[in-house]
Each structure stands twice: as C-alpha cells, then as structure tokens.
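The values are calculated or read from the model by the stated rules, or taken from the named source; none is laboratory data. All values derive from a computational prediction rather than experimental measurement. Counting neighbours? That spans all protein chains shown, and the Cβs are built from the backbone with ideal geometry, glycine included. With ligands, DNA and RNA removed, areas are computed over all heavy atoms of the protein, side chains included. Shrake-Rupley method; radii C 1.70, N 1.55, O 1.52, S 1.80 Å.
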Amino acid sequence: MPKRHVQKGLWNHLMHKGVDFGLASIIYEVAVASKYIVHAMRTGDLGLAGTSNLYGEEQLALDVLANEIIKDRLDHTGRVKSFASEELDDILIFERKGHKDYSVVVDPLDGSSLVDVNLAVGTIVGIFKGENLLQPGKNLVGAMYIVYGPRTTLVYSAGNGVYEFTLNSLGEYVLTQEEITLKDSNKIYSPGGLKKDYTEKHAKFIDFLEENGYKLRYSGGFVPDINQILLKRGGLFTYPALKNSPNGKLRLLFELNPMAFIIENAGGMASTGKERILEINPEKLDQRAPIYIGSKEEVQLAQKFLNE
Ligand code: F6P
Ligand code: MN
C-alpha cells in the first residue's frame, strides 16, 4: 500500500508535540488572526471597490486594525489575563471568564510603513504564564512571529524546538521546517541605525564584518530580517546603541524578547553587547535595548568589540 502523505497542520502539530492546551490555543488563535491581517493588508487601505472593514465603516490604520484583530482573538481563547501591545499605552486586563492563566505581549504589525512599498512586514508575540508582563524574557513560555511576504509564514517555539509553518491556499498553516537550528557562524549581517550615529566600538565591529566578507542583508523590517537569519541558519542582526539613543530603537517587550527566545531556542544568542537580552528585568512597557542577535560566533564577536 502506498503511504498516504498527511500534511501536518498547526493544531495537530501543537498537540503532537504536547504543547499545553492553553498555550496551544493562544498560538493557534494568533495564527487565525494573521489570516485576517493578511486580508486587511491585501484589500483594506487601497480603497478597492467592495472592500469592507471588519471593524465597521471607519478605515483604521493597518497596525491599529491588526491590534484589534489579535486582541479579540486572544480574548476569545479565555486563556489570556493581561495583554500588552506596541499599539496600546497600558496593559489591558481581559474581563472574560475562563482559566486566564497566560499573558501576552504583541507587536501587531511591525514595520507597518513598509506595507506601502510592498516589502515584508510581521507580527511578533511573546507568551508568559501567569499575569505578570514585566518580567525577564527568560521566563517566556512561548514566542512566535508571522512574516507577511511573498508567502505568509509562521515561526514558533514553545521552548522545545523552532518550527516554521506556511499558509497554504486553503488557509491552513502547514509545517514546512522542523527543529530549525543555527550554525555557529554565517557571513550575513543586518545592521540597523545610521552609520553617522554609530559609537566608535560599534563602528569598528561593523568595519570588521565588512572587511571579512560579510554580506549585507537588511530590509528595514525586523521580522523578515530575523527570519532571514533563522532560515539561512545564521548571521547577525543588530540595532545598536547610537550616540543619541543609548538604548537603540527596538522595544524589549514587544520585539526583542520574543525574537531572542526563538533565536536562543534555535541555538543562537541575543545580547545587548554587554548582557543577555533575556536576562533584562524590564521596568516599563516601552523599554528599549540595543541588540546583537544571531549566530553564537558573531554575537560573541560583537561582545568582544563592545567590551574592549
Ligand atoms: O519597529 C521598528 C522597525 O520598523 C523594525 O522593524 C526595524 O528593524 C527598524 O524599525 C528599522 O529602523 P531603521 O529605519 O532606523 O533602520
Ligand atoms: Mn515594531
């Protein structure tokens, strides 16, 4: 008998891997939300005839709309207590009855200004057990991101491997790569920030990479830039401390921690240049930090340059 090839969908995979039901529900509902976000991006803001907005007549900015979609889907799981988003000033406590044993941080549509020029953008999510969102990223129990590019892909880790799924034409996320791991080194670099604002130590580090044949791969979208490093099995992304912004640009809770969790789970590293990103104890929701993230050797090299 020929073996029937059964494609593994996201929910089956989560159950097969023994991911806790509440955590799996959260990951799954974000995946559902992402399909509505894709739809909104394709039709929403273009003024196409016959397009309707899920949230009434008013056309919301895409990042605000993405936030509403994710917030509603997460509330719907009944498993989320606290919710923080790059789009909101304060933590939101969901009122719905349920177990509510998780809390979630979200960057609903990172790089949203790139939608207009048709470059890839993404959604980033971090998941904690309990209700406290202001805790170090090492306490995350899961993280995921979605890349809206030529394909829509979803990458998640629940602390037990890193997996990639691709949205097919039936609207299902199907497993496309499992147990993704980074090589110790890879000659790709993705440098954020303006060169004129670099600190001397960071400038020397970047010079070193350039002199040693590292290939520049920077799209200006954090999610696709990290995704490239993950799926090319290594390299380095940095958004450094700059002369006038010592904490860089990217946000610890919504952007850095979830990505650091995923990259570490793939065998890579994430550092401010001085300390492990996941060790930082956040004091406020919109805290920023510099980041060097990717393969071990490149991150260690950055640390060496910065601490000289
Ligand atoms: O969220 C901020 C963001 O858009 C990231 O996606 C990206 O990595 C970064 O800003 C790019 O910043 P810059 O335009 O300063 O290089
Ligand atoms: Mn962002």
* Qualifying positions in the range 186-223 - within 11 Å of ligand 1 (Cβ to nearest atom), over 15 Å from Ile263 (Cβ atoms) and open to solvent by less than 80 Å² (accessible area, probe 1.4 Å) -> Pro191, Gly192, Gly193, Asp197, Ser219, Gly220, Gly221
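Out of all the residues in the range 249-262, is one or more more than 14 Å from ligand 2 (Cβ to nearest atom) and free of Cβ contacts under 8 Å to residues at least 60 places away in the same chain?
Taking every residue of the range 249-262 in turn, none turns out to be more than 14 Å from ligand 2 (Cβ to nearest atom) and free of Cβ contacts under 8 Å to residues at least 60 places away in the same chain.
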* Considering only the range 115-139, how many residues are within 16 Å of ligand 1 (Cβ to nearest atom) and either without any contact (Cβ under 8 Å) to a residue 12 or more places away in the chain or on the phi > 0 side of the Ramachandran plot (or both)? -> 3
* Asked: Does Glu164 meet the test of being more than 16 Å from ligand 2 (Cβ to nearest atom), within 21 Å of Met269 (Cβ to Cβ), surrounded by fewer than 14 Cβ atoms within 10 Å (Cβ to Cβ) and of a type outside the set (Ser, Thr, Tyr)?
  -> no
* Does Leu278 qualify as being in contact (Cβ under 8 Å) with a residue 12 or more places away in the chain, open to solvent by less than 10 Å² (accessible area, probe 1.4 Å), assigned to a helix (DSSP H, G or I) and in contact with a helix residue (DSSP H, G or I) (Cβ under 7 Å, 6 or more places away or on another chain)? -> yes
* Asked: If you check Ala84 against the conditions, is it within 16 Å of ligand 2 (Cβ to nearest atom) and over 19 Å from the mean Cα position of the chain (by Cα)?
  -> no
* Determine, yes or no, whether Val147 is over 18 Å from Leu23 (Cα atoms), part of a strand (DSSP E or B), within 17 Å of the chain's Cα centre (by Cα) and within 16 Å of ligand 2 (Cβ to nearest atom). => yes
* To do: Would you check which residues across the range 167-185 are of a type outside the set (A, V, I, L, M, F, W, C) and surrounded by fewer than 20 Cβ atoms within 10 Å (Cβ to Cβ) and list them?
  => Asn168, Ser169, Gly171, Glu172, Thr176, Gln177, Glu178, Glu179, Thr181, Lys183, Asp184, Ser185
* Asked: Just one of Arg79, Arg96 is modelled with pLDDT under 95, more than 15 Å from ligand 1 (Cβ to nearest atom) and either open to solvent by 10 Å² or more (accessible area, probe 1.4 Å) or more than 15 Å from the chain's Cα centre (by Cα) (or both); which is it?
  -> Arg96
* Hey, Ser112 hits all of (1) of a type in the set (S, T, N, Q); (2) within 11 Å of ligand 1 (Cβ to nearest atom); (3) crowded, with 22+ Cβ neighbours inside 10 Å but one; which does it fall short on? -> (3)
